[in-house]
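Everything on this sheet refers to the single structure shown next.
Read-outs throughout are calculated quantities, based only on the coordinates presented, and are distinct from any laboratory measurement. Only a predicted model underlies this, so the values are computations on that prediction, with no experimental measurement involved. When we count neighbours, we look across all protein chains shown, and the Cβ atoms used for this are built from the backbone with ideal geometry, even at glycine.
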Amino acid sequence: MPSDYDATEFVDGDFQAHKTSYSAAIGSASTLRAPTREEVDSKVAAAHQRLAEKKRELEELERERSVLEETRRRQMEFHTGREEMAHNLTRGLGLLEEAEFNARRDAEQMAKTLADFREALAKVEAIREENWTKEGFNVELTRALTTLENARMEWNSARLKFPVLSGKGMEEEEGETENGATPANLGAQSFWQLCRLGLAMTWPVALAGLIAAGVFVALLLRR
């Protein structure tokens, strides 16, 4: 019986080894050879394409950064503006409410002073010197002087309350208020200043009283 077939019996080992060495040499030579112009152009085109893609990505990131920065700026402006306006409006409400209260109080005082002025003016204009008689001259004179002194007291009191009656402007009035020289701050005045102020306000009454007492004494002596 014949033996089994062996394929290696017909293969030349030396030829196969030479063929393998030749193929390796050809591959090594193709790896070490210089690139062709077509290969370089292809690589340059690929590099330009990648660079263009990176540039587009960079531009997109820059636009996104600009949008985010603008949004952050607007948010900061919103928060800062809200805090500022809340503070200003709250402070403004307090100042205007106080100013409204003071203005209403001053208006009420001014209305009362106007009524007192009208009453005092009517009394002054009601004095008719031509109707006085010789017998009642002293009495009428005393009565007229009392009316004038009362009107003068009303006038002086109003001048202390309303500096505009003395010809002062609003700026001077505000300056005196800041310096504490208004009647509202009498507590800050010295004793002698208060005495002088009291004397200035009460001397007309004292003078009228002296005149009335003199007239009364004269009438008693005539009897």
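Is the C-alpha gyration tensor of segment 115-172 telling us rounded, prolate or oblate? Criteria: a/c under 1.5 is rounded; beyond that, a/b larger than b/c is prolate, otherwise oblate. Before the final figure, lay out the partial values.
Working: a/c = 3.84, a/b = 3.18, b/c = 1.21.
Because a/c hits 1.5 or more and a/b exceeds b/c, segment 115-172 counts as prolate.
What FRET efficiency comes out for VAL139 versus LYS112 if R0 is 22 angstrom and r is the Cβ-Cβ distance? Round to the nearest 0.05. Walk me through the numbers before you get to the answer.
On the way: r = 31 Å, r/R0 = 1.42.
With a Förster radius of 22 Å, E is 0.10.
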